[in-house]
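Asks: Below: one structure in structure tokens.
The values are calculated or read from the model by the stated rules, or taken from the named source; none is laboratory data. For clarity, every value in this text was computed on a predicted model and none was experimentally measured. Because the Cβ atoms are built from the backbone with ideal geometry, glycine has one as well, and the counts that use them run over all protein chains shown. For accessibility, only protein heavy atoms count, side chains too; no ligands or nucleic acids. Shrake-Rupley method; radii C 1.70, N 1.55, O 1.52, S 1.80 Å.
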Amino acid sequence: MAFFIALLLWCASAFAGEDRPADVLTYPLGPGDEVHLEIVGQPDMSGDIRIGASGLLPLPLAGGVHVAGMTLDGARQVITDHLSAGYLKSPQVLLDVKTFSSKLVDVSGGVTNPGRYAIQSGSTSVSRMVLQAGGLLDASAPRCEIWRDVDGRREVLQVDLERINKGDQQADVVLRAGDHLYIPQVEQIFVDGQVQKPGA
């Protein structure tokens, strides 16, 4: 449990203010992601824009460009080139990711808030995803499972939460888009009768 608490504090400090995880710069944009676009001196061409299902980013008053699979720097350059080709002279383009929606993971079982969560950066691990889902209902949960489709077949990866809790980073598997993270409920046995500590 100490490891999860430490990780929670780290995440809180990492996302405070304008601090961003370094791997956001290498995050590949995808359909559903929302970006904040600012064209310096052009408020009518700036704003929050969502990437379409085809990977196209619609630019206000300037058509659209394909940015799916690109990093922020790559997308910024494509937008700059597009605007320079016939819309603006020497445009200054600022681009940032506002919401990550293209890479989702389903989380179910023994967490506070089961649901579907976006991978927040290029490499979200099991422990960070558990924190996104509100933490474990039972800190003593020994393991969890990753259900992953590989070439049309489901693979089940066993993850040792006890090793993660002890700080073993190699056990903290990195999740992929489309994964299902399942934390089995801890089974309890109720003991009653002539014992010193009856209960679960």
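Asks: Ranked by accessible surface with a 1.4 Å probe, highest first, in what order do SER46, SER90, SER140 come?
Replies: On the way: SER46 35, SER90 95, SER140 70 Å².
Descending accessible area places them as SER90, SER140, SER46.
Asks: Continuing with this model, one more query. Straight-line reach only, C-alpha to C-alpha below 30 angstrom: list the lysines that LYS89 could link to, leaving out same-chain residues fewer than 8 apart.
Replies: List returned: LYS98.
Asks: So for the stretch 29-83, Kirkwood radius off the Cα pairs, Stokes-Einstein at 37 °C and 0.692 mPa s: how many µm² s⁻¹? Please report the intermediate quantities before stating the final value.
Replies: Details: Rh = 11.0 Å.
It diffuses with D of about 297 µm²/s by this estimate.
Asks: Rounded, prolate or oblate: pick one for the stretch 60-185, where a ≥ b ≥ c are the square roots of the eigenvalues of its C-alpha gyration tensor, a/c under 1.5 means rounded, and failing that, prolate if a/b is larger than b/c, else oblate.
Replies: Values: a/c = 3.08, a/b = 2.71, b/c = 1.14.
Prolate, since a/c reaches 1.5 and a/b exceeds b/c.
Asks: Grab the beta carbon distance between ASP48 and ASN113, set R0 = 22 Å, and tell me the FRET efficiency rounded to 0.05.
Replies: So the FRET efficiency works out to roughly 0.30.
Asks: As an exercise, use a Förster radius of 30 Å and the Cβ-Cβ distance of LEU104 and GLN194 to find the FRET efficiency, rounded to the nearest 0.05.
Replies: Working: r = 52 Å, r/R0 = 1.72.
It comes out at approximately 0.05.
Asks: Can you pull the accessible area of LEU72 for me, 1.4 Å probe, Å² to the nearest 10?
Replies: Near enough 10 Å² of accessible area.
Asks: Under a 1.4 Å probe, what is the accessible area of the stretch 59-123 per residue, stated in Å²?
Replies: Working: 3130 Å² over 65 residues.
That works out to 48 Å² for each residue.
Asks: How far, in nm, would the chain grow between ASP73 and SER90 when pulled straight, counting 0.36 nm per residue and subtracting the alpha carbon separation?
Replies: Working: separation 17, 0.36 × 17 = 6.12 nm, distance 1.67 nm.
Gain on stretching ASP73 to SER90: 4.4 nm.
Asks: Could you calculate the contour length gain from GLN185 to LYS166, that is, 0.36 nm times the residue separation minus the distance between their Cα atoms, to one decimal place in nm?
Replies: Working: separation 19, 0.36 × 19 = 6.84 nm, distance 2.04 nm.
Using 0.36 nm per residue and subtracting the Cα-Cα distance, I get 4.8 nm.
Asks: Can you compute the modelled spin-label distance between ARG153 and LEU56, with each label point 7 Å from Cα toward Cβ, in nm?
Replies: About 3.9 nm separates the two model spin labels.
Asks: Only sites in a loop by DSSP and with at most 10 other Cβ atoms within 10 Å count here; which chymotrypsin sites (Phe, Trp or Tyr not before Pro) in the stretch 87-193 make the cut? Spell out each step's value before the answer.
Replies: Details: sites: TYR87, PHE100, TYR117, TRP147, TYR182, PHE190; in loops: TYR87, PHE100, PHE190.
Here the sparse-neighbourhood loop sites are PHE190.
Asks: Of the accessible area of the stretch 69-142, with the probe set at 1.4 angstrom, what percent is carbon plus sulfur? Intermediate results must be reported in sequence, preceding the final value.
Replies: Details: 1640 of 3320 Å².
Carbon plus sulfur share of accessible area: 49 percent.
Asks: Calculate, in nm to one decimal, what ASP138 and ALA177 gain on full extension: separation in residues at 0.36 nm each, minus their alpha carbon distance. Walk me through the numbers before you get to the answer.
Replies: Numbers: separation 39, 0.36 × 39 = 14.04 nm, distance 2.58 nm.
My answer for the length gained is 11.5 nm.
Asks: Taking amide H positions as placed in the peptide plane 1.01 Å from N, state which residues far from VAL65 in sequence (5 or more) or on other chains have amide H under 5 Å from it.
Replies: Hits under the 5 Å cutoff: LEU57, LEU59.
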